[in-house]
Structures are given as C-alpha cells and as structure tokens.
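The values are calculated or read from the model by the stated rules, or taken from the named source; none is laboratory data. Computed from a predicted model, the values in this text were never measured in an experiment. Reconstructed Cβ throughout: ideal geometry from the backbone, glycine too, with neighbour counts over all protein chains shown.
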C-alpha cells in the first residue's frame, strides 16, 4: 500500500507551506479551517489581479484502496494526503477552472481550464437578481399592467441562459405570484415576459413583452380547505418513546445502527453522501456500498 500511496501523492508543483497536522478520518468533509486555508491559497495561486468566485470547494476523496487499507490498520492517516476539489470562475475572463489542491502541505496538484461552460448559479446571485428585477421600472410597469402592484409578492426564479448567450454568464428569470402564505406560487406564473440578466455584471440586458395573459387565480383547493374545522376525532394517540435511549450511536460522522454502519458526508452538488456502508456479519464487517449519493 505504501507504493500505491506514493503514486497517488505524486506532484511537481513547487508552491508549498508547512504541513497541517492530520488527526481526522480520510473521508471527513473539509473543516472550516481547511476551507479557509484552501480558498486563500487558490486566490494567491491565481494572482492578486484576478477576481475569482468559488462555485464549489469540497473534499477530493481519497482512493477507495487507501481508505480500505486505513480502516484495516494497514496504513496511517498521515499516509493519505488531504486534498480538495474546487470549481473556480475567473470573473474578469469568465474562464472556469477545476482544481485539485493538496491541503497538507498546500500545493496545486492540477488546474484545468474547462472551455465552453459556465458553473452553477450561486445562492447570492438569486438574491441580487431578485432585488435587481423588483426595482427595475420596466418590470414594475409590466407587473402593474397585470394588476400586480406589490413587488414583494413577486417570486423570482433563475434559469440558465447559456444556450442563448454562450459567451456570457446569463440567466433568464421566471416570475411567479405569491399572494399569501398558503397558495403555491408555482401555480400562479406571471407569463409573457422574456428577461435576460448578466449575472457577472449584475445588469438587465433586455426586457421583452411577448404577450400579456392574466395570472391564474388563487388555488381553489387551498382556499376551500385551509379553514376546515370538521376533522376526525376517532384516532387514538400514538406515542413513540425510547426509555433506554436510541438504538443507534453517532461518533463524529460515523453512524452505527444494529449491525449496520456508515459515514455521513455532504457536497453542494450531490447533497447527502453515505460512505462505507457496512454490515457486521457475526463479527466480520462486510462492505456493502463504498459510496452512495
């Protein structure tokens, strides 16, 4: 396993800093400290004149054989290098890069420019774009023509406009009306407007009135049942109690329940990730799934 570890760890990049002591499981998600160190290092790598956005920054998971060898006690945690995977957008050039960076010591393993793509729309762009649209006179006028005078009731959803503007970071917002707390806003689309927004410059490129149709009325089913009082009273109480505590244990990211065990992870694009799902078969741990998402 030492040969495999050496082969996987090979790197010729000269940028290095002192090592960070490693005492965590190889599949442990990045800590706040690791994220801070990695992001600062990547910004330094692109240079002081570059403006970069981090679209993703996650653990670059070690090879399955290394994790298996570690859990069997064949190698130490110090032999498995902590690495992160990052998707970075250079805002000045709109170039997208994928990087693999070692965290111990800090060094760039690989940096690949991926042409002809744009990264995901980020959460702050949703809020900034919504504020931009709600304060634009053209949008306000279009809403007034549809009988909507309260812009706080307008919901803005961003959809990618990549295919219409492949050289720019563009979105095409869709609008919905949320008139109260119980009506589903997606059942009340505000149609007939074609809006194009440059997310990089945070600028509305165009507002085109294609056609004008009324907004669908309130959801009659919600209105009919939200104040209902005639409900069933023949159901007996159901209490679920555990007087001796739960049957599962949680040790950091490791969950054990009956004869099952697994590690809990998370990424921005995949959500919940389960690692090393195993079953204890009369004292012998049997691996079932290495990674599930």
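Take residue 79 and tell me if it is farther than 18 Å from residue 60 by Cβ and modelled with pLDDT under 95.
On the way: farther than 18 Å from residue 60 by Cβ: no; modelled with pLDDT under 95: yes.
In short, no.
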Working only within region 176-191, note down all residues that are touching a residue at least 40 places away in the same chain (Cβ under 8 Å) and in contact with a strand residue (DSSP E or B) (Cβ under 7 Å, 6 or more places away or on another chain).
-> 190
Over region 83-102, the set of residues touching a residue at least 60 places away in the same chain (Cβ under 8 Å) and either more than 21 Å from the chain's Cα centre (by Cα) or assigned by TED's automatic domain parsing to the domain that holds residue 275 (or both) is 102
